[in-house]
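The structure under discussion appears below in the form of structure tokens.
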Amino acid sequence: MARRTRSRRSLGAAALTALATGAALLSVPAQAEAAASVTVQPDPSYQQERFEGWGTSLVWFANATGDYPPAIREKLARLLFGDDGLALNIARYNIGGGNAPDVKDYLRAGGAVEGWWQAPAGTTREDTDWWSADDPADWNKDADATQRWWVDRIKKDITHWETFSNSPPWFMTVSGYVSGGFNATTDQLKTESVDDFAAYMAGATKRLEKAHGIKVKTVDPFNEPNTNYWSTRLGADGEPVGGRQEGAHMGPELQQKVLAALAPALKKAKTKAEISAMDETNPSIFAQNWNAYSQEARDAVDQMNVHTYGTGQRTTVRDLAKAADKPLWMSEVEGDWGDGQSFTDMRPGLGLAQRIVDDLRELEPKAWVFWQPVEDYDNMKPGGESAKGGNWGSIQIPFSCTSTDTLETCPIYTNTKFDTARNFTHFIKPGDKLIKVNDTSSAAAVTKDGKGLSLVHVNSTTEARTVTIDLSKFRRIGKDATVTPVVTSADGKLEQQAPVKVSDRKATFTVPAQSVTSFAVQGVSGVAKDAPLIRKGHTYTLTGVQSGKAVTVAANGTNLVIGTGNGSTAQQWQLDARYGETGARQRYVFANPAEGERLAVRDNVPVVEPDTGERDPATEWIMSTTGDGTWTLVNVATGRLLEVGGQATHEGAAVTTWQANSGANQRWRVTDVTPTD
């Protein structure tokens, strides 16, 4: 059956065309003068890959609510996947591990996701050798009915299905429990169960596909594996009392064994799903894991998944993904961003919005995925997990409702995160391309058809702010071009404003205090001739952000050092060639015209060498920026970044290469020094 094409009826840029053409245009908004101002310049010369969309994991809310009364489930589904709701188009299905039949449930509400195994009668936690992936009797084809209700309900809305695991089944674990080991830093998957676990993931994925008529695109066998989060504690009676969710520690060595086993298991199961990994809790630990992988293990991964519960080293993972030439997802995050449960406080909404902006700007993901936008109201209310309660989730509903409840007795609440998230999901759509922006509070994307722009701006301050959108980096700006603001603040949700006329390639609007505003721009396209930083025939210097000194050809005519030569010929570089699509993953070849040679990496050392005229990945560089005017240079052949070795700053210090680490010694200011006469 063909998938239904999603249409945006309400707030997207295309839907605002009528408003932009039919309403009175304002050259100057009739608003009070702002206390602060910012000029935001979107730059379409630096375009990311086509954005795949917005998504969510289905656990634990799907497990908790899949058997709720129809009216409640349907309202939740519309809030999450409907065009007027969050309009999500990606879903991650959790393949539950499942504790032994004789273990009393001790996990949080919704956390006990049923496994796909079928244990013989009388099986206990001590029975661990009975399961075989090749025996149909050991599979429960009817497992996990509640989460799978959601699969059927939303499958026409979903363009990318991913399956993932929080823990292997109990009989594959060292501790015998799915909540983790008795030591949170030791591997939980038994080494002799690696092949069984791979077969379990592949078999459950294929059974899910067949039962629901869907195609799973990616399978991730891990969740935050190299952490100390996952542990089981036993009480005096020997029963588990600690560890409220499924989780399993697996270090990089064990991760690689799982990846090696998963590829043939997927093939044997006859699913075309590819492998994603490793859903680590933050970019720093992701990089630690990835750098420990062998090349064979990296090659087994088709898509890189990372969480941003920690935000350091986002650019490291961005550059690792570019070096590996693989798609990258921000595959999970949530948070509180407030001071006690509230459905009106703007701080949670502003916190989520700024997190999205930062992720899009620094990580450059192809998709952005919620952990779960639906949270347990009972757990988040005062007296739940904290005395003041919390704001996890954009939507909250009790996970304790029954088959006799109604929307009145089992109410659904939305907080400001639900509203500000829609400022992104209704405007930056699947197929759009995120682009460079010079403002750290803004994210922007050119529309799929290339004839418009969506820009989202976050004003977290307590004062109004005048935002001027500078469109001068676009090649064409129509005479009827307009910018339509849609504002979410304490005074309203997604309030459409009168369109602002573009004048002198700019449009200005004053956004309220503590607000998130989406700007739908109609009538702009292309890339201005002078927008790209690197252009044929121009000359550039590369100055280290940390050292303040420029990349210089050393006296031996081969190696590179840093120096203060004031733009001497030994410091001048020109574009020699470019390969691949324009944008954030384009590959550049640089030449030093004075030496008649090009910049290459040999044995991990950057050198200048004669230009043979033949294409060579060792001479190709991918340039990345967050829009702050500084760049990293990733060597295509080695995946290493150009840097000043040892973070040195002295004259003549060696320019080297190293693994991406987001250090200031790996960032460069690229300055056009082409003579103007």
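Among the trypsin sites (Lys or Arg not before Pro) within the stretch 136-166, those in coil by DSSP and having at most 10 neighbouring Cβ atoms inside 10 Å are Lys141. For the chain, find the longest principal axis of its Cα atoms and tell me its angle to the long axis of helix 145-154, 0 to 90°, nearest 10. Approximately 40 degrees, to the nearest ten.
Note on the stretch 135-154 and the stretch 542-603: Cα centroid distance 57 Å, given to the nearest whole angstrom.
Quick one: net charge of Asp345's neighbours, Cβ under 15 Å, K/R +1, D/E -1? If you can, show how the numbers build up before the last one.
Values: positive: Arg347, Lys381, Lys388, Lys417, Lys493; negative: Asp336, Asp339, Asp419, Asp491.
It works out to a net charge of +1.
Projecting the Cα positions of Ala100, Val216, Gln245 onto the charge dipole of the chain (unit charges on Cβ atoms of Lys, Arg, Asp and Glu, taken about the Cα centre) puts Val216 furthest along the positive direction.
If you take the square roots of the eigenvalues of the alpha-carbon gyration tensor of the stretch 99-235 and sort them as a ≥ b ≥ c, do you get rounded (a/c under 1.5), prolate (a/b over b/c) or oblate? In terms of gyration-tensor shape, prolate. Candidates Trp117, Ser441, Thr56 compared by Cα position along the dipole of the chain: farthest toward the positive end lies Ser441, with charges placed on Cβ. Here the dipole of the chain is about 2360 debye; that uses its Cα centre as origin and unit charges on the Cβ of Lys and Arg (positive) and Asp and Glu (negative).
Can you classify the chain as rounded, prolate or oblate using the Cα gyration tensor, where a ≥ b ≥ c are the square roots of its eigenvalues, rounded means a/c under 1.5, and otherwise it's prolate if a/b beats b/c and oblate if not? Walk me through the intermediate numbers first.
Values: a/c = 2.10, a/b = 1.29, b/c = 1.63.
In terms of gyration-tensor shape, oblate.
Taking a ≥ b ≥ c as the square roots of the eigenvalues of the alpha carbon gyration tensor, the stretch 557-651 is rounded, as a/c is under 1.5. Each Lys and Arg Cβ is given +1 and each Asp and Glu Cβ -1; about its Cα centre, the stretch 397-459 then shows a dipole of about 420 debye. For helix 314-324, report the angle its Cα long axis makes with the longest principal axis of the Cα atoms of the chain; keep it between 0 and 90° and round to the nearest 10°. Helix 314-324 sits at roughly 90 degrees to that axis.
Tilt of helix 70-81 relative to the longest C-alpha principal axis of the chain, in degrees (0 to 90, nearest 10)? Compared with the principal axis, the helix lies near 20 degrees.
Loop-located trypsin sites (Lys or Arg not before Pro) in the stretch 579-651 (DSSP state not H, G, I, E or B) with no more than 13 neighbouring Cβ atoms inside 10 Å: Arg615.
Using the charge dipole of the chain (Lys, Arg: +1 at Cβ; Asp, Glu: -1 at Cβ; taken about the Cα centre), state which of Gly384, Tyr229, Gly452 has its Cα farthest towards the positive end. With unit charges placed on the Cβ atoms, the residue in question is Gly452.
Averaging the Cα positions of each part gives two centres, and for the stretch 181-231 and the stretch 353-403 these lie 24 Å apart.
Straight Cα distances below 21 angstrom link Lys536 to the lysines Lys436, Lys473, with same-chain residues fewer than 8 positions distant left out.
Every read-out reported here was derived from the displayed coordinates using simple, explicitly stated rules and does not represent laboratory data. Quick caveat, the model's predicted, so the values are computed rather than measured. All Cβ positions, even for glycine, are placed from backbone atoms using ideal geometry, and neighbour counts span all protein chains on display.
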